[in-house]
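Everything below concerns the one structure shown next.
No lab work stands behind these numbers, since they all come straight from the coordinates. The model shown is predicted, which means the values in this text are computed figures rather than measured ones. As a convention, Cβ positions derive from the backbone with ideal geometry for all residues, glycine included, and neighbour counts pool all protein chains shown.
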Amino acid sequence: MPSITRQPFRTAVLVLVWGWLLFLVLAPNLLVVGASVMTRDPGTFISLPLNLDAYRQLFDALYLEVFLHSLYMAAMTTLVCLLIGYPFAWALSKLGKQRQLLLIFFLIVPFWTNSLVRTYALKMLLATNGLINSSLMGLGWIDEPIQMLYTEGAVIIGLVYLLLPFMILPLYSVFDDLRQELLLASHDLGAGRFATFIHVIVPLTLPGVLAGVMLVLLPAMGLFFVPDILGGSRNLLVGNVIKNQFLDARNWPFGAAASIVLTVTMAILMLAHRLSKQRIGEEGAG
Amino acid sequence: MTRWLPRVYLGLVYLLLYVPIGVLVVFSFNDSRSGYTWGGLSLRWYQSLFNNNAMVEAMWNSLWLALSAATVSTIIGALTALALHRYRFRGKKVLNGMLFVVMMSPEIVLAISLLALFLLVGIQLGYVSLLLAHVTFCLPFVVITVMARLSGFDESLPEAARDLGASDFTMTRTVLIPVIMPALLAGWLLGFTLSLDDVVVSTFVSGPSYEILPLRIYSMVRVGLKPEVNALGTLLLVFSLVMLMLSQWILTRSKR
């Protein structure tokens, strides 16, 4: 082990980096875990004794319903993103390299634009007297405006709009790596288009699908400003519950427990992603 | 048919992505007060934006925060990447793991964990808490950008510098920093944009003493439609576009 005096630069760098991560990543996360098993306290936020009340509260009929509804909206968002993104990434990977890069650039541009502003732009389109309704009425296709804003559908549209690039980018990367020889081999061995799709393309792009699901499903449960702007009070996300518990109700144990449920979901998805990648690695090598 | 069908599909998705943004930009020049009907060209919403003192102050606060967060995270991120690349030390995997957790965990989880820390340690919610939080979520992105640059780097150069008697610090300054410069610029621009765009984390860790733009927009768009938001959104769009083009230009230029 080199002594401190001989490598002051190395020591300084390591102390700074470790210090930052221990204080601002490890400590806060441990705090949340701790808070979730403590008791709510109006003065100091949390206090002893330790208990699992917060986790029990998650299964109250009222909150369970909010959670399931949030999970449903997040799942629908992920499904829609996958259905749009999968053929999109496939089509994109078939274009010339130069054009691919340009199109990727234009996919990222909206993603670099303030997400609140983009959600607001959707509100302009979906409102009762908004552009979609007034155009449809102008064309004479409908007589009365359709209620689109403040519905479950509006929240899902908003989430899809914000999260679609996160589904497309990992999918594009697996399609880009997909070797044409494998498809030709499958064809030569007598497989039709459908059989090739099911037995070759789907398994090989599975890691991309899982990465995309991971990157969409979790934010889709946390982006509380989308229901705030588009969804009204009945279409809440887990993120809204966590935010209300921490900022308004001041019930830290409950908010912390809800956030741990999110983290555990993330861990499970990451594990699935890893396993699917390993499987492909083995098959590719063997 | 198989030739043009994928292209039509791609075009359609891009149309859906850009229609809301297009509408936002067009209506920012709308003279009418209602957000839905066209009342002729006008710059009145841009004017009312800049006549709003609280808004202008929030803009400056946001810019200053983004500048400082990007700078601090670039410095710490670059040092982290260098340490991960060059040094062998205990707990390297743990360090990597922590960075990965920051990048992957939902923003709201990061937000409440930092709020809990700040309140219990007694850091007042305001500029300092925002800076610490923003640097933390920008950090992994800078580390990844710099690591990618370092991975394709010829190891004989630092060795030669050491053999010629350069100290660790001198070698880093004269050999490694010039090599990773494009990655530093790209990482800085990424951090700047991430900081400017953040809503979720800022909602939790900001206080009334330091109001920033996304939170100001948030309070405006929650109730009804405000044409000023269109003007502000258009300005932010142009700004991000310039930043994104800059970072792409830097990265592609450095590859040649």
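For this structure, a couple of remarks:
- Global geometry of region B:36-141, whether rounded, prolate or oblate, following the gyration tensor of its Cα atoms and the 1.5 cut on a/c: prolate
- Normalised contact order of chain B, rounded percent, pairs of Cα under 8 Å and 6 or more residues apart: 31
- Computing FRET efficiency as 1/(1 + (r/R0)^6) for B:Leu246 and A:Asp53, where r is the C-beta to C-beta distance and R0 is 56 Å, gives about 0.60.
- Computed over neighbours whose Cβ is under 13 Å from that of A:Asn133, the net charge equals -1, Lys and Arg +1, Asp and Glu -1.
- Taking every alpha-carbon pair under 8 Å whose residues sit at least 6 apart, region A:61-279 reaches a relative contact order of 27 percent.
- For region B:28-76, the relative contact order comes to 22 percent (Cα pairs under 8 Å, sequence separation of at least 6).
- 13 Å beta-carbon shell around A:Pro110, net charge (K/R +1, D/E -1): 0
- Centre separation in Å (Cα based) which lies between region A:62-85 and region A:210-286: 10
- Per-residue ³J(HN,Hα) for region A:236-252, Karplus 6.51 cos²θ - 1.76 cosθ + 1.60, θ = phi - 60°, Hz, x for Gly and Pro: 8, 9, 4, x, 5, 5, 4, 4, 4, 5, 7, 8, 9, 7, 6, 9, 4
- Prolate/oblate/rounded label for the protein assembly as shown (Cα gyration tensor, a/c 1.5): rounded
- Peptide B:13-26 is shielded by partner chain Cβ atoms: per residue, an average of 5 of them sit within 10 Å of its Cβ.
- Remark: A:Ile157, B:Ile112, A:Ile268 ranked as A:Ile268, A:Ile157, B:Ile112, counting other beta-carbon atoms within 10 Å and listing the fewest first.
- Compactness of chain B as Cα Rg over 2.2 N^0.38 Å, two decimals: 1.23
- Near A:Gly231, once Lys and Arg are set to +1 and Asp and Glu to -1 for all other residues with Cβ below 13 Å from its Cβ, the sum equals +1.
- Inter-chain neighbour count for B:85-91: the average number of beta-carbon atoms from partner chains within 10 Å of each residue's beta-carbon is 2.
- Residue-wise HN-Hα couplings along region A:91-104, as the Karplus relation 6.51 cos²θ - 1.76 cosθ + 1.60 with θ = phi - 60° gives them from phi, are 4, 4, 5, 8, 7, x, 4, 4, 5, 4, 4, 5, 5, 4 Hz; Gly and Pro carry x.
- Pairwise centroid distance, computed over Cα atoms, of region B:85-121 with region B:195-229, Å: 25
- Shape of region A:61-279 from the C-alpha gyration tensor: oblate (a/c of 1.5 or more and a/b not above b/c, with a ≥ b ≥ c the square roots of its eigenvalues).
- Shielding by partners - mean other protein chain Cβ count within 10 Å, residues of B:219-226: 3
- Among A:Phe111, A:Phe254, the ranking by other beta carbons within 10 Å of each residue's beta carbon, starting with the fewest, stands as A:Phe111, A:Phe254.
- Averaged over residues, the count of other Cβ atoms within 10 Å places the peptides A:55-63, A:142-150 in the sequence A:142-150, A:55-63, highest first.
- Note on B:Phe204, B:Phe141: ascending count of other Cβ atoms within 10 Å places them as B:Phe141, B:Phe204, the fewest first.
- Lys/Arg +1, Asp/Glu -1 at C-beta; chain A dipole; positive extreme among A:Ala12, A:Gly130, A:Gly239: A:Ala12
- Separation in nanometres of the label points that stand 7 Å from Cα toward Cβ, at A:Met270 and B:Met181: 3.6
- Residue by residue, region A:158-168 carries 3J(HN,Hα) couplings of x, 5, 4, 4, 6, 9, 3, x, 5, 7, 5 Hz when phi is fed to the Karplus relation 6.51 cos²θ - 1.76 cosθ + 1.60 (θ = phi - 60°); x denotes Gly or Pro.
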